[in-house]
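Chemist: The structure follows.
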Amino acid sequence: MALFEVIEMGDRPDRPSDPWASDAIFLRGLLFYAHHGVRSEERVLGQRFRVDVELFLSLREAGKSDRLRDTLDYSEVYAVIAEVVERTQARLLEKIADTIALSVLRRFPRVEGLVVVLEKLSPPIPGAMEAVGVRIARTRSDFASELANSAASALPVTPSGGEVVHPEPSERS
């Protein structure tokens, strides 16, 4: 079965139906203030965005070893997402979500695929609503050429603590 062949699971987020690909790390409710949107006011004034990500990778080794190096550091994942949301500018939520997906896959070779949910909170459209947004699911194969071209030029990441983290050589294979 394909990694993102979705099965019905009630109110829970979509999960891969393949039990061998169902390990996941998630970050939910990441809040950012950024300047994205089709309208010029949105790009000038900015607005709030919420991001949820679910990263699919094997967690077996970390479950056995209890070592951070055998999994992903949440703060590094957060830093990659924050870099995209806060320091880039796009008109469409689809573009931001796709850039988050590519950036995460580029930085973390262990991640096989991911789901990104990006919401624009209090959108500037008539009517009362909490948010509008997009949900995308991507795998490494969706970005095969981009990942092949960038493998040798992985950029360091600066987590919220300010310390620069360079990709581990073992993770770049």
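Each reported figure results from applying straightforward, stated rules to the coordinates on display, with no laboratory input. Keep in mind the model is a prediction, meaning the values are calculated, not measured. Don't worry about glycine lacking a Cβ; one is built from the backbone with ideal geometry, like all the others, and counts go over all protein chains shown.
Chemist: Given the Cα-Cα distance of Asp70 and Glu146 and 0.36 nm per residue of separation, how much length would full extension add, in nm? Mind showing how you got there, number by number?
Modeler: Numbers: separation 76, 0.36 × 76 = 27.36 nm, distance 2.52 nm.
Result: 24.8 nm gained on full extension.
Chemist: Checking a compactness column here: for the range 19-151, what do you get for Rg(Cα) / (2.2 N^0.38 Å), N being the number of residues?
Modeler: So the Cα radius of gyration is 1.13 times the expected 2.2 N^0.38 Å.
Chemist: Kindly rank 125-133, 66-74 from highest to lowest mean number of other beta carbons found within 10 Å of each residue. Please list the in-between numbers first.
Modeler: Working: 125-133: 9.9, 66-74: 13.3.
Packing proxy ranking, top to bottom: 66-74, 125-133.
Chemist: Within 10 Å, count the other beta carbons around each residue, average over each peptide in 136-143, 39-46, 53-60, 22-29, and list them highest first. Before the final figure, lay out each step's value.
Modeler: Values: 136-143: 16.8, 39-46: 12.2, 53-60: 18.6, 22-29: 14.8.
Highest-to-lowest ranking by the protection proxy: 53-60, 136-143, 22-29, 39-46.
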